[in-house]
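To keep things clear, I will list the structure first and then write my remarks on it.
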Amino acid sequence: NAISRGDVDIAFVTANSLEQYKGQSTELKKEEVVFAAPDSHPYCQSLKPGEHHSLTCRELVEHFGSTPFILQLKGNCIRYLIDDFLKQEDFVPITACSTSHAQSICDMVSSNIGAGFIPTGYAVDSPRITYFSLEPRMYRIHSILYRRDLIMEPPHKYLIELALNYVKENWQNLSGD
């Protein structure tokens, strides 16, 4: 909103899509969003350890439909992705809690409070959490937005170049395109 109003020249954001920002954004990195479930869940117990797991929306509802979910707050880019994903099956989960903190979601999943969706940057190896890629895969987009009427001066261009180089050198752990 601050970009649209002209209050801010450049902002670093995460978004579920950059479609509406064509011509005024630079994508830094796509980060996969995965489903995290307590390892003690019966479906997780039936899986072979160490293998990559994935779920369609139908499979998620089938195996985790009665599990409480820890969801991002409405308005969060990941929440938009989740709502669109769950809409495939007209599924409205039981919500145990809503938060804007991915680490809190991991902690609650690890404590067997429920299941949730988290960006892979927070998906640390834990013997108490099973992670699932979603089919189709879900990504949040780290990006730089700038005012549509902004005349890119050398400092603006340099800031964007610094950000792109930082991402290239330091964000190798994020799963994405």
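The values are calculated or read from the model by the stated rules, or taken from the named source; none is laboratory data. All figures in this text were calculated on a predicted structure; none of them were measured in a lab. Because the Cβ atoms are built from the backbone with ideal geometry, glycine has one as well, and the counts that use them run over all protein chains shown. Heads up: the accessible areas ignore ligands, DNA and RNA and are worked out on the full protein's heavy atoms, side chains in. Shrake-Rupley method; radii C 1.70, N 1.55, O 1.52, S 1.80 Å.
Kindly evaluate His101 against the criterion of being in contact (Cβ under 8 Å) with a residue 60 or more places away in the chain and either closer than 28 Å to Val167 by Cβ or within 19 Å of the chain's Cα centre (by Cα) (or both). No, not satisfied. Within region 117-130, restricting attention to residues that are in a loop (DSSP other than H, G, I, E, B) and not polar (S, T, N, Q), which residue is least open to solvent (accessible area, probe 1.4 Å)? Only one residue fits best here, namely Ala123. Within region 59-74, the set of residues being out of contact with any strand residue (DSSP E or B) (no Cβ under 6 Å at 6 or more places or on another chain), open to solvent by 50 Å² or more (accessible area, probe 1.4 Å) and outside any helix (DSSP H, G or I) comprises Ser66, Lys74.
Exactly one residue out of Ser40, Ser4 is assigned to a loop (DSSP other than H, G, I, E, B) and of a type outside the set (Val, Ile, Thr): that is Ser40. Selection of first residues in region 46-58 that are assigned to a strand (DSSP E or B) and of second residues that are surrounded by 14 or more Cβ atoms within 10 Å (Cβ to Cβ) and modelled with pLDDT under 95, restricted to Cβ pairs under 7 Å at least 6 apart or on distinct chains, gives an empty result.
Yes or no: Ser133 open to solvent by 20 Å² or more (accessible area, probe 1.4 Å) and at pLDDT 95 or above? No; evaluated as a whole, the condition is false for this residue. Given the structure, is Leu150 more than 24 Å from His63 (Cβ to Cβ), assigned to a helix (DSSP H, G or I), touching a residue at least 12 places away in the same chain (Cβ under 8 Å) and open to solvent by 20 Å² or more (accessible area, probe 1.4 Å)? In short, no. Of all positions in region 157-171, at least one carries a residue that is part of a loop (DSSP other than H, G, I, E, B) and either under 25 Å from Phe12 (Cα atoms) or open to solvent by less than 90 Å² (accessible area, probe 1.4 Å) (or both). If you go through region 16-66 and keep only what is more than 20 Å from the chain's Cα centre (by Cα), closer than 20 Å to Ile118 by Cα and polar (S, T, N, Q), you end up with Ser40, Ser66. If you go through region 80-103 and keep only what is in contact with a strand residue (DSSP E or B) (Cβ under 8 Å, 6 or more places away or on another chain), open to solvent by less than 40 Å² (accessible area, probe 1.4 Å) and modelled with pLDDT of 95 or more, you end up with Leu81, Ile82, Phe85, Pro93, Thr99. Each residue in region 12-33 was checked for being open to solvent by less than 30 Å² (accessible area, probe 1.4 Å), assigned to a loop (DSSP other than H, G, I, E, B) and touching a Cys at 6+ places or on another chain (Cβ under 8 Å), and 0 of them qualify.
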